[in-house]
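*Asks:* Okay, here's the structure, questions in a sec.
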Amino acid sequence: MISLPVLLPDGFSPVVSDGTPVTLGQLLAHKTISEHRINIPQQLAIPLAKVKHVLKKVPGDEVDVDEVIAVKKGFLGLDKAVIRSRVAGKVVRYERDTGDLVIQALASGLVQQVVSPVDGTITLCNNEKIVIQTDKEISLGEKGSGHKITGEVFILEESFLPERGEIFYHLDSRAKGKIVVAAHLSRDVMTKGISIGITGLIGAKIADADIEHIAQRDNSLPILEVNSDTINKLLQWNGKQIALDGKAKTLIFLHV
């Protein structure tokens, strides 16, 4: 049996207690907030001074879930990157010094959730962490995004070489339908992976802005940043099956 700690961010309240049996994806804790912040220059990779040229929503405008709030134009004026709202509400302000666009959520508020990364039993529960005892062979990621899938591991070996160069050119059709594991995942590499038809992405280093960018483009694709111990185990798991859950930030090694 493994004791898996799930750390709770500030302000989250548990909805389970000691001794409670839980299943994968079950709600463990939540937090209700009224404001949603979106850093426009970071997500679109543009200078702060250019934000005013990409905004489609300004203070006072109403916004729905999945509605476009900013667009970065590419070559010949074609849309290159788009930011969509994850909440319904009203744009209340744009902070010029940070580039944050702030949306006031509807009266019900925006509920943030922490869900169980695995089946098991709660052995400790407080406002700082929840510990789950489980018989699964599982690793918890540092950060993640996307839905859950089961698939075959594909190691992008070139990314682990001392003189790896540009790994973008090494990602090819061999990875189609598989979960790609790499030392470093850039936005370009992840975008190429989507075009090839990969089913998931795992890296030792992924920028927050790049995860958010890919989530805006394909919010179902699971992405997970993991520590070096997990990477080392994955290197021995090439061609084998894992269960990956971007939202729960978990990776389960499957013995099939």
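*Asks:* Just the residues that are surrounded by 16 or more Cβ atoms within 10 Å (Cβ to Cβ), in a strand (DSSP E or B) and of a type in the set (S, T, Y), please, taken from the stretch 124-168.
*Replies:* Once the filter is applied, which keeps residues that are surrounded by 16 or more Cβ atoms within 10 Å (Cβ to Cβ), in a strand (DSSP E or B) and of a type in the set (S, T, Y), the stretch 124-168 yields T134, S139, S145.
*Asks:* Still on this structure, please answer the following. Condition (residue is modelled with pLDDT under 90 and of a type in the set (V, I, T)) applied to the stretch 169-192: is it met by at least one residue?
*Replies:* The answer is no; no qualifying residue exists.
*Asks:* Continuing with the same structure: Could you tell me how many of the residues in the stretch 198-228 are surrounded by 20 or more Cβ atoms within 10 Å (Cβ to Cβ), free of Cβ contacts under 8 Å to residues at least 40 places away in the same chain and not aliphatic (A, V, I, L, M)?
*Replies:* Residues flagged as surrounded by 20 or more Cβ atoms within 10 Å (Cβ to Cβ), free of Cβ contacts under 8 Å to residues at least 40 places away in the same chain and not aliphatic (A, V, I, L, M) within the stretch 198-228 amount to 2.
*Asks:* Given (1) under 16 Å from the mean Cα position of the chain (by Cα); (2) hydrophobic (A, V, I, L, M, F, W, C); (3) more than 12 Å from G151 (Cα to Cα), where does I231 come up short, assuming only one miss?
*Replies:* Going through (1) under 16 Å from the mean Cα position of the chain (by Cα); (2) hydrophobic (A, V, I, L, M, F, W, C); (3) more than 12 Å from G151 (Cα to Cα) one by one, I231 breaks only (1).
*Asks:* Follow-up. Give me the pairs, please: first residue somewhere in the stretch 229-256 and in contact (Cβ under 8 Å) with a residue 60 or more places away in the chain and in the same structural domain as I179 (by TED's automatic domain parsing), second residue anywhere and part of a loop (DSSP other than H, G, I, E, B) and of a type in the set (F, W, Y), beta-carbon distance under 7 Å, and either six or more positions apart or on two chains.
*Replies:* Matching pairs, first to second residue: F253/W237.
*Asks:* Additional query: Would you say A88 is under 21 Å from E212 (Cα atoms), aliphatic (A, V, I, L, M), in contact with an Asp or Glu (Cβ under 7 Å, 6 or more places away or on another chain) and free of Cβ contacts under 8 Å to residues at least 40 places away in the same chain?
*Replies:* yes
*Asks:* Among the numbered conditions (1) modelled with pLDDT of 90 or more; (2) surrounded by 12 or more Cβ atoms within 10 Å (Cβ to Cβ), tell me where H53 comes up short.
*Replies:* (2)
The values are calculated or read from the model by the stated rules, or taken from the named source; none is laboratory data. If you're wondering where the values come from, they're calculated on a predicted model, not measured in any experiment. Ideal geometry is used to build each Cβ from the backbone, glycine not excepted, and the neighbour counts take in all protein chains shown.
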